[in-house]
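Taking it in order: structure first as structure tokens, then the write-up.
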Amino acid sequence: MLVYAGKFAAILFCLAMLLQGCNKQGSEEKPVEIGQPPAAQPADSKPAFTPRTITVPQGAKFSDVQSTFTTAKNMVITDPAEFAKTWQEIYHEQFPRPILPDVDFSKEMVIAVFMDEQPTAGYFIDIIEVTEYADRIEVQIVKHKPAPDAPVAQVVTRPFCVAKIEKIDKPARFIEVSTGELP
């Protein structure tokens, strides 16, 4: 009987210590009464990020069907030297070369998308939406090709689109949302 009393005392002691630890002041966990709303978030916690669409300002998007890029490529350009080099590569074969657009890289960045070399006219690529998420930006692009029976010029094309947007220091993910045929 004395053995059971000792075990019972040990169990009571452990239970008392456990209960005392749960009721310690300063504990992070606070009981919530049923029917009561949860407590407000602490001031130092970050609110949930709401995705937002980034607007491409009027006149800040440039597209054409001739560049010197012969393979598909997606770029995020964040400094003036890289932009100047890319612009020169795009228009390497064109004279006079279009003037490099003004970009304030302290507040803006450039998104550029290029299609593979195409066998005829009628192809183009467009940046249709840029969305900022908590951990990235998503660039939605659409590639168009001519309908099989469409009359097109028999000329090699290399479509591209370049857009200037506000600067966002997050990695970019490029998503092709559709490949449409033009009538």
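Each reported figure results from applying straightforward, stated rules to the coordinates on display, with no laboratory input. Quick caveat, the model's predicted, so the values are computed rather than measured. Cβ coordinates were reconstructed from backbone atoms using ideal geometry, including for glycine residues, and neighbour counts include every protein chain displayed.
In terms of its alpha-carbon gyration tensor, the range 78-151 comes out oblate; a/c meets the 1.5 threshold, while b/c is at least as large as a/b. Spacing of the modelled spin labels on GLN66 and GLN88, each 7 Å from Cα toward Cβ, amounts to 2.1 nm. Applying 0.36 nm per residue to the separation of GLU138 and GLU117 and subtracting their alpha-carbon distance, the gain on full extension is 5.1 nm. Considering the range 52-182, its Cα convex hull presents a mean projected area of 8.3 nm².
Report the full-extension gain for the segment THR78 to PHE49: residue separation times 0.36 nm, less the Cα-Cα distance, to one decimal in nm.
Fully extending the segment from THR78 to PHE49 adds 8.1 nm.
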